1. Give Arg187, Arg163 a once-over and let me know the one that is charged (D, E, K, R), surrounded by 21 or more Cβ atoms within 10 Å (Cβ to Cβ) and at pLDDT below 90.
2. Residues to consider are Leu149, Leu172, Leu140, Leu98; find the one that is within 16 Å of the chain's Cα centre (by Cα), of a type outside the set (Phe, Trp, Tyr), over 30 Å from Asp270 (Cα atoms) and modelled with pLDDT of 95 or more.
3. For the range 272-319, how many residues meet the condition of being charged (D, E, K, R) and at pLDDT below 50?
4. Contact list please: Cβ distance under 6 Å, first residue in the range 146-175 and closer than 19 Å to Pro91 by Cβ and outside the structural domain of Lys220 (by TED's automatic domain parsing), second residue in a loop (DSSP other than H, G, I, E, B) and among the acidic types (Asp, Glu), pairs at least six apart or on different chains.
5. For Leu140, work out the one condition from (1) over 17 Å from Gly184 (Cβ atoms); (2) outside the structural domain of Pro284 (by TED's automatic domain parsing) it doesn't fulfil.
6. With respect to Gly43, is the statement that it is touching a strand residue (DSSP E or B) at 6+ places or on another chain (Cβ under 8 Å), modelled with pLDDT of 65 or more, assigned to a strand (DSSP E or B) and over 27 Å from Gly147 (Cα atoms) true?
7. With respect to the numbered conditions (1) closer than 18 Å to Ser237 by Cβ; (2) touching a residue at least 12 places away in the same chain (Cβ under 8 Å); (3) surrounded by fewer than 20 Cβ atoms within 10 Å (Cβ to Cβ), which one is the sole condition not fulfilled by Lys127?
8. Where the second residue is surrounded by 17 or more Cβ atoms within 10 Å (Cβ to Cβ) and basic (Lys, Arg) and the first is under 15 Å from Asn169 (Cβ atoms) and in the same structural domain as Leu104 (by TED's automatic domain parsing) and lies in the range 33-55, which pairs have Cβ atoms under 7 Å and are six or more apart or on separate chains?
Amino acid sequence: MKSREAEQVYMEVENKNYQALPLSQMDSNFGNFKIDYKMLKIGDKLGEGSFGEVYKGTYKASEVAIKKLRKEISNEIKAFLVEADTMKSLPAHPNVILFRGISLPPDPVCIVTEFCAGGSLFDWLMKNKGKVTSDRMLSLAIDIAKGMLHLHTGIINKEVIHRDLAARNILLKKDGTAAVSDFGLARIKGDEDISKTTSNVGPLRWMAPESAVERIYSRKSDSFSYGVVLYEICTQSVPWEDLDGVQAVSKVIEGERMKIPSTIPEILADLMNQCWSQDPKKRPDFETILNTLQPSNQSEHKSNENTSNYQPIIINESI
């Protein structure tokens, strides 16, 4: 039997080629998740990303967030559909943003999710710089780890690798619960044809060294990024603030890490150091992270993975 350390490797699994699918097959793939655009009421703009703008809105009398494709170019439509397909595959979990559905061509393409009144964790941290208590740091760390464990183990015999874990991609619900969001770069392990990636994926300041050098993505590269998110939570600052992204990732590749202030809770400082190990095998997975943060609840976080079935997966970065 292979050990847990034989970590499943991702470099890109080509998702369904939505660009070539007729509309009828798109409809069939999303089934009950297809939303009639006319039922959406779009309100104030909340923000924007590379492909879409996010609005507050309503759907069936409930508040939602509506991510609307900015330009309906075929490759961008495909990227939206891959993101929606990833989200619909995940069972509901309180620490993962809830997917409500998607509107499809000929209507404008929109991804609809639950609305989180607290906004992004990054914005909240910047507004509360120097005011975040140790207990709040710990609760945020636990929420995010629970969400990430669900991504990695929530689908039987499959795993979702986020690849863009950062405070800006964590949303806060009205009650303060943190939920992992933004699955634009996330990928699900599959059995599709294997091909070689051509470019790095993800933000440089949060990127694991093996992702930057070898374009390898795994649960352990998500763990590395989680360590950077802990740094954001504990310092309420931007990682590698005085460097640009290329300079930051160069430092990481060389083995250098950000200095952890002595005022940070010891349990979180230790976790950061473990998550930032140069060797992915030495980084904790999210089950281990949760058992560290909540030692009295270890049995609650047992993973449903079969650790004997690890097979390398290559990711084709074609979208």
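The values are calculated or read from the model by the stated rules, or taken from the named source; none is laboratory data. In this text, all values refer to a predicted model and were calculated from it rather than measured experimentally. Positions of Cβ are backbone-derived with ideal geometry, glycine not excepted, and every protein chain shown enters the neighbour counts.
1. Details: Arg163 fails: at pLDDT below 90.
Answer to the selection: Arg187.
2. Step by step, each of Leu149, Leu172, Leu140, Leu98 is checked, and only Leu98 is within 16 Å of the chain's Cα centre (by Cα), of a type outside the set (Phe, Trp, Tyr), over 30 Å from Asp270 (Cα atoms) and modelled with pLDDT of 95 or more.
3. 3
4. none
5. Of the numbered conditions (1) over 17 Å from Gly184 (Cβ atoms); (2) outside the structural domain of Pro284 (by TED's automatic domain parsing), the odd one out for Leu140 is (2).
6. yes
7. (2)
8. These pairs meet every condition: Gly52/Lys67; Gly52/Lys68; Val54/Lys67.
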